[in-house]
Amino acid sequence: MTNTARVMEKNGLSIKTQTLAAFAAIVAAVALPQIFHLIGVVSGVGTALGEVFLPMHLPILLVGFLAGPYAGAVAGMCGPVASFALSGMPGAAMLPFMMLELSIYGLSAGFLKNVRMPIIAKIVISQAAGRVIRAIVILIAIYVFGNKNISVSAIWMSIRTGIFGLILQWAMIPFIVCGVERMQKYED
């Protein structure tokens, strides 16, 4: 077994389990936004529900907290790409920024997985890490590379628009993670 494989299995999950968890998170990161967009279309608000409730973020954070940093980072990087390939969303201009943001969500959630602190603190730290990296990369794209397809206001708009999604994550993730941990203790 290679050193990487040993490190990946250090948290008690086999590489196969981590791979399946990452795949499930990618599928959920594609499916959940489509469900929210469909509900938005049916209700007459359009695709705005996806931007408000951030459904792609939820499975990425969860896989990080449950399966570790490798599964979280891979799912975070691949989820937006798979969604774009299948649905055209997120838009091409935002795709690289979302890939980085979500991979940081999954990576940081995975690194915080076994840290002794309240789950809500872990969620906030992971959300902040992802949003800060996204903001930095957007600023670099605009001011260093002269990207005209995005503006600085996109940073603030995504935070303001997505506040309900952040709150939803604060409410749901602790419930799900604690439920999974209880099931694991019950099985042991």
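The values are calculated or read from the model by the stated rules, or taken from the named source; none is laboratory data. Just so it is clear, the structure is predicted and the values come from calculations on it, not from any experiment. We place every Cβ from the backbone using ideal geometry, glycine too, and count neighbours over all the protein chains shown. When the accessible area is computed, the model is the full protein with side chains, heavy atoms only, and any ligands, DNA or RNA have been set aside. Shrake-Rupley method; radii C 1.70, N 1.55, O 1.52, S 1.80 Å.
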Query raised in the report: Lys pairs in the chain, Cα-Cα under 28 Å, at least 8 apart or on separate chains: how many?
Result: 9
Query raised in the report: Which helices count as membrane-span-like in the chain under these terms: full DSSP H, at least 20 Å along the axis by C-alpha, Kyte-Doolittle mean of -0.5 or more?
Result: 15-43, 69-87, 95-112, 119-143, 163-187
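Return a whole-number percent for the relative contact order of the range 29-90, with Cα pairs under 8 Å and 6 or more residues apart as the contact set. Could you put the intermediate results ahead of the total?
Working: 56 pairs, mean separation 19.0, N = 62.
Taking the mean separation of contacting Cα pairs over the length of the range 29-90, I get 31 percent.
Find, among the chymotrypsin sites (Phe, Trp or Tyr not before Pro) in the range 89-148, those assigned to loop by DSSP (not H, G, I, E, B) with at most 10 other beta-carbon atoms within 10 angstrom. Don't jump to the answer; show the numbers that get you there.
On the way: sites: Phe97, Tyr105, Phe111, Tyr143, Phe145; in loops: Phe145.
Answer in residue order: Phe145.
Once you compute Rg and the Kirkwood Rh from C-alpha atoms, what is the Rg to Rh ratio for the range 1-117? Numbers along the way, then the final one.
On the way: Rg = 15.0 Å, Rh = 14.4 Å.
Expressed as Rg/Rh, it is 1.04.
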Report summary line: With +1 at each Lys and Arg Cβ and -1 at each Asp and Glu Cβ, the charge dipole magnitude of the range 17-173 around its Cα centre, to the nearest 20 debye, comes out at 280 debye
Query raised in the report: For the chain, which whole percent of the accessible surface, found with a 1.4 angstrom probe, sits on carbon and sulfur atoms?
Result: 73 percent
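Can you give me the relative contact order of the chain as a percent, contacts being Cα pairs under 8 Å and 6 or more apart? Don't skip to the end; give the middle numbers.
On the way: 257 pairs, mean separation 38.5, N = 188.
Relative contact order for the chain comes out at 20 percent.
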Query raised in the report: With the other protein chains left in place, how much accessible area per residue, in square angstrom, belongs to the chain at a 1.4 angstrom probe?
Result: 55 Å²
